[in-house]
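Working notes for the structure below.
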Amino acid sequence: QVQLVESGGGLVQAGGSLRLSCAASGRSFRDVGMGWFRQAPGKEREFVAVITWGGITYVADSVKGRFTISRDNDKNTVYLQMNSLKPEDTAVYYCAAYTGNAIYVHSELYLYWGQGTQVTVSS
C-alpha cells in the first residue's frame, strides 16, 4: 500500500510558476513509477507527466517545455515544476503511483492516488 500526499498548489498569474510535491509513504519507493494527472471542471482526467524509479520521464505534449517532473528517491518524493503557466492549466492535480519500471500514461494502470491539489492560473 502506498499513501500519497500532494502539496504546493495555489493561485498564480499567467506566466508564473509553481512546484508541486508528492510525498509517498507506506512501502518501499523502489520500482514505483510516479505520475501526475490533472482534471479541470467538466473535463476528463488527463495525463501530465510520469517518471520511473530509474528517472526516465515522459510528459504530455500540452505541457512539454513548460513542466518538468523529477523525483528524490531518498525522500520518497516526486515533484512537478510548472513554468509559464497558462489559464488552461487550471485544474486539480493528482499524484499517482504504480509498481513496475514501464512508462504508463493511462490512469487505469495507476494503483494509488493522492487527494489532489488545486492549481488556479489567472489571466
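So the values come out like this:
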| read-out | value |
| --- | --- |
| Flag if Gly15 is touching a residue at least 40 places away in the same chain (Cβ under 8 Å) and surrounded by 15 or more Cβ atoms within 10 Å (Cβ to Cβ) | no |
| Selection count, the stretch 40-70, where residues are open to solvent by less than 50 Å² (accessible area, probe 1.4 Å), farther than 17 Å from Tyr98 by Cα and within 12 Å of the chain's Cα centre (by Cα) | 3 |
| Exclusive hit being in contact with a Leu (Cβ under 9 Å, 6 or more places away or on another chain) and over 12 Å from Ser107 (Cα atoms), set Ala49, Ala23 | Ala23 |
| Hits in the stretch 89-109 - residues which are of a type outside the set (A, V, I, L, M, F, W, C) and more than 14 Å from Glu6 (Cβ to Cβ) | Asp89, Thr90, Tyr98, Thr99, Gly100, Asn101, Tyr104, His106, Ser107, Glu108 |
| Candidates Ser107, Ser123, Ser62, Ser7 - the one that is out of contact with any His (no Cβ under 7 Å at 6 or more places or on another chain) and free of Cβ contacts under 8 Å to residues at least 60 places away in the same chain | Ser62 |
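Residues are listed down the side, and each one gets a yes or a no for (1) open to solvent by 60 Å² or more (accessible area, probe 1.4 Å); (2) within 19 Å of Ser123 (Cβ to Cβ); (3) within 11 Å of the chain's Cα centre (by Cα):
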residue: Gln3; (1), (2), (3): yes, no, no
residue: Leu11; (1), (2), (3): yes, yes, no
residue: Ser28; (1), (2), (3): yes, no, no
residue: Trp36; (1), (2), (3): no, no, yes
residue: Asp72; (1), (2), (3): no, no, no
residue: Lys75; (1), (2), (3): yes, no, no
residue: Met82; (1), (2), (3): no, yes, yes
residue: Thr90; (1), (2), (3): no, yes, no
residue: Ile103; (1), (2), (3): yes, no, no
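The values are calculated or read from the model by the stated rules, or taken from the named source; none is laboratory data. All figures in this text were calculated on a predicted structure; none of them were measured in a lab. No Cβ is skipped: glycine too gets one built from the backbone with ideal geometry, and neighbour counts run over all protein chains shown. Accessible surface areas use protein heavy atoms only, side chains included; no ligands, DNA or RNA. Shrake-Rupley method; radii C 1.70, N 1.55, O 1.52, S 1.80 Å.
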